Structures are given as structure tokens and as C-alpha cells.
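Report on the following structure.
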Amino acid sequence: MLIRATAVVVSLTLATGAHSADDAGSHDTADAARTWAFALTAYPTDVRGGENYTSVIAAADRGPVHLEARYNYESIGGRSVYAGWTFSGGDSLTWQATPIAGGAWGTTQSFIAGVEASVAWRAVDFYIEAEYVPGRSTHDHYTYAWSELGVRAAPWLRVGVAGQHTRTYGEDRQFQRGPFAQLTWGVVTVGGYWFNPGADDQVFVASVGVKF
């Protein structure tokens, strides 16, 4: 399986008791529901002793509607598209969950179901994305999960630990972990993930993303 990464955006909800602010907030929410938001992120990946590659993820959101396209994600040469619906809530502790479903073609050909979810409290957040990929045969089925536990050390800096877990039918679980850091300037975010630091199978994943 490929090393895979995702950009994480954790939304924080601010509450106010003023009636006029509530009215303004409702108008802002209505405007946001009618506006498309886009994100594009590339993940150059260096695999020690393996094949290097770059994954690309493009996402579009309008209100709760979530659309996503991926390249080199399920496999090198694989392409996939997804659609999902976002649910969210919370006040001081906020949460967001987006069930997704789609399909892949190219080097991976399959229907895929998954979920992307996050929880945040103050400067701390946890993110997980998981998917189930049924293969052409039973032995090609696998599940995959990527998770991040992060801390917003500054408005422009997020650091933490990341892990990825793959389970192929009939085989042992594969788990990798390591530190990560992300820097944000305006609409641009760059970062790096270092899995299995110093090991023979270490992997470094860089990320360069833009939102518009």
C-alpha cells in the first residue's frame, strides 16, 4: 500500500449571546452555504529503498456537500473520486464528520467507502480518515486509516504525531508512526511527515497546499 496523507482543517465555533451577532452569524452561515471553497494539496513522498512518488488531493465544499478527487492515493497510477456530506457540532469541544463514497480506476479499480472526522478542543485536535477498499478478489480487500494528533502551537504552526494503519485480508497489520509539522501563511500551508525515523523503511512525506 502507498503512504498517504491528507490536509486537516479543524473548524472552531465561536458563540455569542448578542442577538444582533446571532443574526449576523445566521447571514454568514447562509452565505457560506452558497459559496464553494476549494483546496489543492500535493504530497511528494520519499520512500527509503522504494519508489518515490507524488500524491495529489483536490477538494471542493459547499455547505455540507463535500467533493474530492485523488491521484496516486490508493496506488501509484490510481485515480479516485468521492462525494460526501459533512456533519458538525459542538461549542468549546467541536467535531466534524464526513462519510464519503466513491470509486477508483487505473491501477486500483474498486468502489470505496470511508469517513473523514476531526475533534478539537482549544489548541488540541485529533483527525482520522479511514477507507475500505474491496478488491477484485477476497485477498485484495484492505482497510486503511490515517490519523493525526496535533497542537496549534501558534496561529501559523501546528505540530504533533501521525500514524497510518493498513490491514490487508489474510495478512498482518502494518502500522507506521512519526512526527509532523505544518506552517501556514495566508492560503498556503506547507508541512512534513516523518514516518519510522531512522529506520530502513523510513518514509518522508512533504505537503504543499493552497485554499481558495
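Can you tell me how many residues within segment 175-196 are part of a loop (DSSP other than H, G, I, E, B) and either modelled with pLDDT under 95 or touching a Leu at 6+ places or on another chain (Cβ under 9 Å) (or both)?
Number of matching residues: 1.
Among Gly135, Gly160, Gly78, which is the only one that is within 24 Å of Val56 (Cβ to Cβ), modelled with pLDDT of 95 or more and either touching a Lys or Arg at 6+ places or on another chain (Cβ under 6 Å) or not polar (S, T, N, Q) (or both)?
Numbers: Gly135 fails: modelled with pLDDT of 95 or more; Gly78 fails: modelled with pLDDT of 95 or more.
Step by step, each of Gly135, Gly160, Gly78 is checked, and only Gly160 is within 24 Å of Val56 (Cβ to Cβ), modelled with pLDDT of 95 or more and either touching a Lys or Arg at 6+ places or on another chain (Cβ under 6 Å) or not polar (S, T, N, Q) (or both).
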Notebook entry, point to check: Quick one: is Ala104 crowded, with 16+ Cβ neighbours inside 10 Å and of a type in the set (A, V, I, L, M)?
Noted result: yes
Check: If you check every pair at least six apart or on different chains, which have Cβ atoms under 9 Å apart with a residue in segment 111-127 that is in contact (Cβ under 8 Å) with a residue 60 or more places away in the chain and within 19 Å of Ser80 (Cα to Cα) first and a residue that is of a type in the set (Asp, Glu) and buried (at least 20 other Cβ atoms within 10 Å of the Cβ) second?
Finding: Glu116/Glu68; Glu116/Glu129
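Can you name every residue in segment 89-100 that is surrounded by 14 or more Cβ atoms within 10 Å (Cβ to Cβ) and free of Cβ contacts under 8 Å to residues at least 24 places away in the same chain?
Our first condition is that a residue be surrounded by 14 or more Cβ atoms within 10 Å (Cβ to Cβ); within segment 89-100, this holds for 90, 94-100.
Once the filter is applied, which keeps residues that are surrounded by 14 or more Cβ atoms within 10 Å (Cβ to Cβ) and free of Cβ contacts under 8 Å to residues at least 24 places away in the same chain, segment 89-100 yields Ala97, Pro99.
If we keep just the residues of segment 81-132 that are assigned to a strand (DSSP E or B), hydrophobic (A, V, I, L, M, F, W, C) and in contact with a Lys or Arg (Cβ under 7 Å, 6 or more places away or on another chain), which is nearest to Glu148 (Cα to Cα)? Before you say what the answer is, go through the steps one by one.
The first filter runs over segment 81-132 and keeps only residues assigned to a strand (DSSP E or B), leaving 81-85, 87-90, 93-106, 110-121, 124-132.
With hydrophobic (A, V, I, L, M, F, W, C) added as a condition, the list becomes 81, 83, 85, 87, 93, 95, 97, 100-101, 104-105, 111-113, 115, 117, 119-121, 124, 126, 128, 130.
Restricting the remaining residues to those that are in contact with a Lys or Arg (Cβ under 7 Å, 6 or more places away or on another chain) gives 104-105.
Details: Ala104: 25, Trp105: 28 Å.
Per the stated criteria, the residue is Ala104.
The values are calculated or read from the model by the stated rules, or taken from the named source; none is laboratory data. All values derive from a computational prediction rather than experimental measurement. Reconstructed Cβ throughout: ideal geometry from the backbone, glycine too, with neighbour counts over all protein chains shown.
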